[in-house]
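Heads up, the thing below is written out as structure tokens.
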Amino acid sequence: MMVVTSKTVLQEDSLPQKGERLKMKKSTQIVVTTTGAFVILAALAGCGTSTGSPSGATQATTTNVKQPLTITFWYGVGSTLSSDILQMVSEFNQTHPTIHVVATYEGSYSGGGEEQQKLLAAIKAGSPPDIAQIEVHAMPLFASSGKLVNLTSMMQQSRVDTASNFLQGMLVSTQYQGNYYGIPFNRSVPVLYYNKTLFSQAGITHPPTNWTELSADAAKLTHGVGNNKVYGFEPLVDWWPWEYAVESSGGTILNASETKATFGQANALGILNAEDQLVKQGYATVETGPNYWTLMTQDFIHGRVAMDIDSIGSAGSVTKGVGNNFQWGTALLPRDATLAVPPGGGDMAIFNNSPQKVQAAWQFIQWWTSPKQAAKWSMETGYLPVQKAVLQDSAYQEFLKQHPQFTTAIQELKYQVPSPTSPNYLAVLQGVQQGLQGVFDEGKPVAATLQQVAAQADNNLN
């Protein structure tokens, strides 16, 4: 698998009625390194609060009418998702005349993406935006800088964004050292996709619930030769589902103090070993290169694989791509020793600024995450809802009836577990991605490769 030098946009496809969107996914390369972003934040440790932009609350010179307070919002999802964000921001501005939000797309928000690099540079320069979209695995990196507003007390006093109002598991990525620094924004989980038509032809009545069943089903589903071969399963060679594989196998990624990598231990390798065996036995295939994720999704759409593990954000493109060619569904990720689902997507964070701007930013976030707006955002984009109350919304209930694949993602939320909170975790994941490529692209042994990667990770953690 070729490693790219820039971060692929974390993508997502729309629902059928919205047209094609970018897929909400992780990508191969993490460009945040200990010699790059982490050094920038380390240098910021003793810096004062950023100055930000001047307050927009000024008096018009001719009409003596108070102008709205301007706040800036940086986000990192493009294509039609960007249009959705701008439409909602416009709605907020029209209904809140004392605040004016200026939202700008700054490139991919994924770990190490362009938006993240711009944020780090803006922090160093003392001029970050008022609000920014933060990828869930990058929250510790930014929270440790001391430049994000601690939202804990604000959440406790909020009728909208108090912790108890959010869906179970939704807040696992928003905390750092016991405090909240983010509010869920665009959130996803990986799920199992399966071809119901191929299952029926193979005499399989239900999707696998564990890895013993998945391995057996993959063998039954594999048939044909050459270009006409259909594989039973396709692993995604990516560090996001790898988190699921490690923790669902019964292992841990880091030790309790997050000073040592533990993902090379035998109890962390069960699912990875199973995937490796399926590939070697010819019951599974993998995609390589910079577009590996898109290629995997297309393999499922075109019936070349019967099962894969993909983001719930791909459900829109699968619906559109499959059409009436075959029946398909989603299911909970298969268990091994347990089921542990990693968070995906991003959260909203507020940067330290004047009290007036912080309060205006908080008002905007509470509006965005209110049940009415959360339901609208979820139905328009396919991202998960964040509030419990959304599930009681009649329009959202109808949406789930029409798109039952999204129900699986909601069910998985209760199995979500937090990713490691070390500010150096992204550098660890870069090594993991390279190790996974070595296993599936070059045929390296699973245990020895991951043990070597874990040893290298210890250097980044200390």
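If you take every DSSP beta bridge fully contained in the chain, what fraction is antiparallel? Give it as a percent rounded to 5.
65
Size of the stretch 167-220 along its principal axes in angstrom, Cα-based, largest extent first?
That works out to 50, 21, 15 Å along the principal axes.
Which of the peptides 183-194, 274-285 is most tightly packed, and how do the rest follow, going by the mean number of other Cβ atoms within 10 Å of each residue?
The densest-packed peptide leads the list: 183-194, 274-285.
In nm², what is the average projected area of the convex hull enclosing the Cα atoms of the chain?
21.8
Quick one: net charge around residue 132, please, counting Lys, Arg +1 and Asp, Glu -1 for every other residue with C-beta under 12 Å from its C-beta.
So the surrounding residues net to -3.
So what's the net charge close to residue 356: Lys and Arg +1, Asp and Glu -1, counting the other residues with Cβ under 14 Å from its Cβ?
Surrounding charge for residue 356 is +1.
Using Cα pairs under 8 angstrom and six or more residues apart, how large is the relative contact order of the chain, in percent?
For the chain, the relative contact order is 24 percent.
Kindly provide the helix-only [θ] at 222 nm of the chain, computed as the sum of -39,500 (n - 2.57) over DSSP H runs of four or more divided by all residues, to the nearest 500 deg cm²/dmol?
It lands at -11500 deg cm²/dmol.
Dividing the alpha-carbon Rg of the stretch 253-310 by 2.2 N^0.38 Å yields what?
Normalised Cα radius of gyration, the stretch 253-310: 1.47.
Give me the number: length gained by fully extending residue 200 to residue 96, i.e. 0.36 nm times residue separation minus the C-alpha to C-alpha distance, one decimal in nm.
Going from the current span to full extension adds 32.1 nm.
If you take all C-alpha pairs in the stretch 277-433, what percent of them are over 28 Å apart?
37
Net charge near residue 269, counting Lys/Arg +1 and Asp/Glu -1 over other residues with Cβ under 11 Å of its Cβ?
Overall, the nearby charge balance is -3.
If you fit an axis through the alpha-carbon atoms of helix 211-221 and take the longest principal axis of the Cα set of the chain, what angle between them do you get, 0 to 90°, nearest 10?
Taking Cα atoms only, the helix is inclined about 60 degrees.
Take every Cα pair under 8 Å in the stretch 139-247 that's 6+ residues apart, average their separations, divide by the length, and report that relative contact order as a whole percent.
17
Regarding the stretch 403-455, what are the three Cα extents along the principal axes, ordered largest first, in Å?
Ordered largest first, the stretch 403-455 gives principal extents of 40, 29, 15 Å.
All of the numbers you see were taken from the coordinates with simple rules; none came from a lab. These figures come from a predicted structure and were not determined experimentally. Cβ atoms come from the backbone with ideal geometry, glycine included; neighbour counts cover every protein chain shown.
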